[in-house]
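The values are calculated or read from the model by the stated rules, or taken from the named source; none is laboratory data. Every value quoted in this text rests on a predicted model; they were computed, and no experiment measured them. Note: ideal-geometry Cβ built from the backbone for every residue, glycine included; neighbour counts use all protein chains shown. In case anyone asks, the SASA skips ligands and DNA or RNA and just uses the protein heavy atoms, side chains included. Shrake-Rupley method; radii C 1.70, N 1.55, O 1.52, S 1.80 Å.
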Amino acid sequence: MKKAVFLISSLFALLSFISCKNKVEEVPLLTNPDEINAHKEIFTSLVKTVYYAFEHSDASLLFENLDQESIQYYNRLLQNTKTKKIQGSYSEKSDCIVALMLLEDEELQKIDAQQFLQVLLDYYKLPESASESDKENMIVNLDDLEVRGPIATAHTSKLYPLKFINENEQWKFNILIRLERMSEITLELNKNNNITEKQALLDIIQHGHYEHNSNIKRSFDEVWLLIN
């Protein structure tokens, strides 16, 4: 009898989940030109704020504008780094390795996800003399913006897809779609050029302040041995 009740409860839960999922998929696409333009203004401002946070290494400002899924992502990365369980995409692994290079184990145990992100932003921060061409690569392109209820996406730029989530009546930036795309590109390049995972991760890490960095506590090779 108990087993039958459990199966019935499970069935109702599954049907409820499917029903909720279908409701999300049935949300109509926003088509009103004025409303679309209004959303474009909101998203352009949001993206510029996020870029500003990256360029000025401001984790606090970035966290204020990230959606919960993105924040949970950095929380998970921090936990993986603390336990030295380095797994996932190239972006995930490289971020964890950078943190292990820059922070002692004792320091790692004391920081939260925002402080973890601050370490990464400081490491990859562009020099003040960054060329205008670098900044131009961050132009906001929303030509193919699609808004469906609380989710909006733009894929005009294949290198920099954009996603926004509406949380509590406020639009937030989702960083995961871009990190996933970056990892896909890295994976493609590695397959085409027969590059090992270790070399691929080192290549990513060398985009930051790796050479002559006085803040590095452990070298890349030391961390690699630590996690393998």
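What base-10 log of the normalised intensity I(q)/I(0) is obtained for region 170-216 from the Debye formula, alpha carbons as equal point scatterers, at q = 0.14 Å⁻¹?
Normalising to I(0) and taking log10 leaves -0.50.
Which sequence of HIS212, HIS56 reflects their accessible areas, 1.4 Å probe, from the largest down?
Of HIS212, HIS56, the descending order of accessible area is HIS212, HIS56.
Could you derive backbone 3J(HN,Hα) for region 31-36 from the dihedral phi with the Karplus parameters 6.51, -1.76 and 1.60 (θ = phi - 60°), listing whole Hz in sequence and x where the residue is Gly or Pro?
10, 5, x, 5, 5, 5
For GLN87 and GLU26, compute 0.36 nm times the residue count separating them, minus their Cα-Cα distance, and round to one decimal in nm.
Extending this stretch completely gives an extra 18.5 nm.
As an exercise, identify the chymotrypsin sites (Phe, Trp or Tyr not before Pro) in region 172-228 lying in DSSP coil whose Cβ has no more than 16 other Cβ atoms within 10 Å.
TYR210
Describe numerically, in nm with one decimal, the distance between label points set 7 Å from Cα along Cα→Cβ at ASN193 and at LYS48.
Result: 3.5 nm between the two label points.
Given a 1.4 Å probe and heavy atoms of the protein chains only, how would you sort TYR52, TYR90, largest accessible area at the top?
TYR52, TYR90
With a cap of 10 neighbouring Cβ atoms within 10 Å, and only residues DSSP puts in a loop, list the GluC sites (Glu not before Pro) found in region 136-208.
Here the GluC sites (Glu not before Pro) that fit, given the DSSP loop and packing criteria, are GLU169.
So what is log10(I(q)/I(0)) for region 44-126 at q = 0.15, 0.16, 0.26 1/Å, when the Debye sum runs over its Cα atoms only?
The computed values of log10 I(q)/I(0) come out as -0.51, -0.58, -1.35.
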